[in-house]
Amino acid sequence: MSCAGIFSKEFQILSSMDRVNAFLSRNENKILAAVLAVSFLLSFAYSFYFRIQPIVDALAYDRISWELAEGKGYDRQSAIGRPGPAYEFFLAGIFYVFGHSYPAVWIIQALLHALTAFLVFRIAKLVFNQDSHPIIGLGAALLIGFSPDLITMSAMLMTETLTIFSMVFFVFLFFLYFRDKKISHLILSAAVLAIAALARSNLILLAFPAFLFLFWNKLWRPLLVFAAVLLLCLTPWTVRNYLVYAEFMPFNAAVGALLAQGNYHGASGELEPNFVWPEGYDQLSQIEFDKLARQDARRFIASHPLEFTKITFWRTSMYFSIMRPTGFWPHLKGFAKAATLASSFVYSTVLFLLGGLGAVLAIKGKFSKLRGESVFYLLLMSIMMPLAIIGIVVETRYRFPIYPFLALFSGLSLSFLLSKAKIAFKPGLIVALVLFGNAIFDAWRNLSRILERLGNL
């Protein structure tokens with residue numbers, strides 16, 4: 001091909017990209033509205049098509065919440081052993097207003113799912129600058145709104161929808177304060193973070209990036225305000241638990257079981273369906289059970305640091321593995337299960353590949369100083385997500401909180417692919433090699449389990 005032909009081809013590519021960029025910029029709000037509407041309708045339709053009845057964890061949340069709505073109080077024995085209490089009180093509020101209605105829960109959770117996509121879009125504008133490429137926010141919103149994993153969870157009585165919404169709401173409020181320094185935004189962010197932590201206690205780690213930002217910038221009064229509001233919001237539940245159980249317990253008594261199941265001789269790093277508790281555990285109260293489980297896990301970690309390190313390495317591999325799609329839910333059969341597994345696999349591959357590329361591009365520093373600082377704190381928040389669970393136990397749904405962060409960095413990588421593809425090629429290749437290399441390692445290490453699950457299809 002002649003030089004003129006090559007130049008003409010490259011010009012045509014650039015011209016088509018310019019047209020795409022112009023179209024996205026001109027129709028950004030309309031596209032966003034369409035993404036949000038469809039994400040709500042997908043969640044709504046999925047919920048009312050399958051009408052999933054609560055079992056296991058969902059059944060426990062249902063029972064606890066209905067008892068609260070009926071005025072019977074919070075079950076002091078078994079309820080404290082579940083993540084919460086934010087989700088149980090959230091469900092109780094719905095039941096109190098609408099009766100014991102699952103459709104009401106499905107509709108409200110579909111709204112929260114769509115709002116999560118909207119907040120992700122707004123975070124992109126705050127972090128990557130209001131005038132940044134429109135594909136960053138739109139791509140992130142689309143990846144959250146159309147997520148087969150998150151849509152499935154919104155159709156269940158499970159904590160994830162509220163947890164991820166409150167977490168993303170906190171991130172949005174934090175970066176709102178980052179931009180305008182309004183103390184009201186900081187106060188509200190602390191209150192929302194408390195709700196997120198009361199839904200899933202490990203999300204309290206998100207307080208670290210917030211404290212670091214305030215400390216590093218010598219914002220002493222805001223730092224004290226943030227800490228005071230966070231503690232104030234957590235205090236009532238902590239006091240209640242102390243009065244009931246005579247234990248300092250800011251959240252719940254659920255972590256010990258996960259910690260023990262993830263840290264023992266021969267542990268795989270994930271929940272084992274046939275895990276057998278030592279003799280005598282079944283005679284304990286939930287508080288005693290949690291305390292003893294924590295002690296056993298800490299004893300194992302202290303006595304066998306090398307084995308703990310090995311298991312933690314495995315957990316890290318599982319956390320970032322694309323060989324961990326969701327779809328093995330009891331309500332799914334035949335084609336629906338296969339389609340869910342396939343879509344979840346494709347989705348996680350795209351999300352981790354584009355998200356990883358975006359994170360690498362962010363680390364390489366392709367931004368101005370101001371935007372670079374906000375990107376740094378977004379990166380730090382995303383790092384908190386795997387750190388919160390890789391020392392305990394890894395299940396696919398436990399990693400859902402990192403999805404909004406990966407979606408944001410996916411939007412960033414899409415903007416580079418549309419405008420500066422050459423810059424993204426080499427780091428993209430490295431990310432792909434690492435991602436697929438880890439997938440091969442995870443598949444090889446768990447081949448028997450994979451074959452067993454495929455056989456069950």
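The values are calculated or read from the model by the stated rules, or taken from the named source; none is laboratory data. Note that the structure is predicted; figures quoted are calculated from it, not measured. Quick reminder, even Gly has a Cβ in these numbers, built from the backbone with ideal geometry, and neighbours come from all protein chains shown.
Condition check for Ala267 on (1) at pLDDT below 90; (2) in a helix (DSSP H, G or I); (3) in contact with a helix residue (DSSP H, G or I) (Cβ under 8 Å, 6 or more places away or on another chain): one failure, at (2). Within the stretch 331-359, restricting attention to residues that are within 16 Å of Val434 (Cβ to Cβ) and β-branched (Val, Ile, Thr), the residue that is surrounded by the most Cβ atoms within 10 Å (Cβ to Cβ) is Thr349.
Checking the conditions here, which among Phe208, Phe174, Phe215 is free of Cβ contacts under 8 Å to residues at least 12 places away in the same chain and aromatic (Phe, Trp, Tyr)?
None of the other options fit; the residue is Phe215.
With the structure loaded, tell me whether Leu119 is hydrophobic (A, V, I, L, M, F, W, C), within 17 Å of the chain's Cα centre (by Cα), within 22 Å of Ile195 (Cα to Cα) and modelled with pLDDT of 95 or more or whether it fails that test. Yes, satisfied. Among the residues of the stretch 216-224, at least one is hydrophobic (A, V, I, L, M, F, W, C), modelled with pLDDT of 90 or more and surrounded by 14 or more Cβ atoms within 10 Å (Cβ to Cβ). A single member of Asp62, Asp57 is at pLDDT 85 or above, touching a helix residue (DSSP H, G or I) at 6+ places or on another chain (Cβ under 8 Å) and either assigned to a helix (DSSP H, G or I) or among the aliphatic types (A, V, I, L, M) (or both), and it is Asp62.
Listed by first and then second residue, the pairs with beta-carbon distance under 7 Å, at least 6 apart or on different chains, first residue in the stretch 375-397 and of a type in the set (A, V, I, L, M), second part of a loop (DSSP other than H, G, I, E, B), are Val375/Phe367; Val393/Gly269; Val393/Glu270; Val393/Leu271; Val394/Gly269; Val394/Glu270. Scan the stretch 360-379 and tell me whether some residue there is under 24 Å from the mean Cα position of the chain (by Cα), within 26 Å of Arg449 (Cα to Cα), surrounded by fewer than 21 Cβ atoms within 10 Å (Cβ to Cβ) and not basic (Lys, Arg). Within the stretch 360-379, not a single residue is under 24 Å from the mean Cα position of the chain (by Cα), within 26 Å of Arg449 (Cα to Cα), surrounded by fewer than 21 Cβ atoms within 10 Å (Cβ to Cβ) and not basic (Lys, Arg). Taking the criterion of being within 17 Å of the chain's Cα centre (by Cα) and in a helix (DSSP H, G or I), the residues of the stretch 318-339 that qualify are Met318, Tyr319. Looking across the stretch 37-63, just one residue is without any contact (Cβ under 8 Å) to a residue 60 or more places away in the chain, under 14 Å from Ala104 (Cα atoms) and of a type in the set (D, E, K, R), and that is Arg51. Residues Arg315, Arg294, Arg298: which one is charged (D, E, K, R), assigned to a helix (DSSP H, G or I) and under 30 Å from Leu433 (Cβ atoms)? Every option except Arg315 fails the conditions.
In this structure, Met385 does satisfy being within 22 Å of Ala267 (Cβ to Cβ), crowded, with 17+ Cβ neighbours inside 10 Å, among the aliphatic types (A, V, I, L, M) and at pLDDT 95 or above. For the stretch 230-276, how many residues meet the condition of being within 24 Å of the chain's Cα centre (by Cα) and of a type in the set (Ser, Thr, Tyr)? So the count comes out to 1.
Taking the stretch 283-305 as the search range and keeping residues that are hydrophobic (A, V, I, L, M, F, W, C) and buried (at least 19 other Cβ atoms within 10 Å of the Cβ), which one is farthest from Gly262 (Cα to Cα)? Among those residues, the one meeting the criterion is Ile287. Kindly indicate whether any position in the stretch 130-141 is buried (at least 20 other Cβ atoms within 10 Å of the Cβ), over 30 Å from Asn21 (Cβ atoms) and either modelled with pLDDT of 95 or more or among the hydrophobic types (A, V, I, L, M, F, W, C) (or both). Checking the stretch 130-141: not a single residue is buried (at least 20 other Cβ atoms within 10 Å of the Cβ), over 30 Å from Asn21 (Cβ atoms) and either modelled with pLDDT of 95 or more or among the hydrophobic types (A, V, I, L, M, F, W, C) (or both).
For the stretch 14-36, the condition holds for no residue, the condition being that it is touching a helix residue (DSSP H, G or I) at 6+ places or on another chain (Cβ under 7 Å), at pLDDT 95 or above, in a helix (DSSP H, G or I) and within 15 Å of Val105 (Cβ to Cβ).
Quick check on my filter: what residues within the stretch 175-206 are among the small types (Gly, Ala, Ser) and either surrounded by fewer than 20 Cβ atoms within 10 Å (Cβ to Cβ) or over 22 Å from Leu162 (Cα atoms) (or both)?
Passing the criteria: Ser184, Ala191, Ser201.
The residue of the stretch 171-188 that is modelled with the highest pLDDT, among those that are under 15 Å from Tyr377 (Cα atoms) and of a type outside the set (A, V, I, L, M, F, W, C), is Tyr177.
In the set (1) touching a helix residue (DSSP H, G or I) at 6+ places or on another chain (Cβ under 6 Å); (2) assigned to a helix (DSSP H, G or I); (3) closer than 21 Å to Pro325 by Cα, Thr152 fails one condition alone, (1). Lys218 satisfies every condition listed in (1) farther than 23 Å from Gly81 by Cα; (2) among the charged types (D, E, K, R); (3) in a helix (DSSP H, G or I) except (3). Within the stretch 76-85, being within 18 Å of Met158 (Cα to Cα) and either surrounded by 21 or more Cβ atoms within 10 Å (Cβ to Cβ) or of a type in the set (D, E, K, R) (or both) holds for Ala79, Ile80, Arg82, Pro83, Gly84, Pro85.
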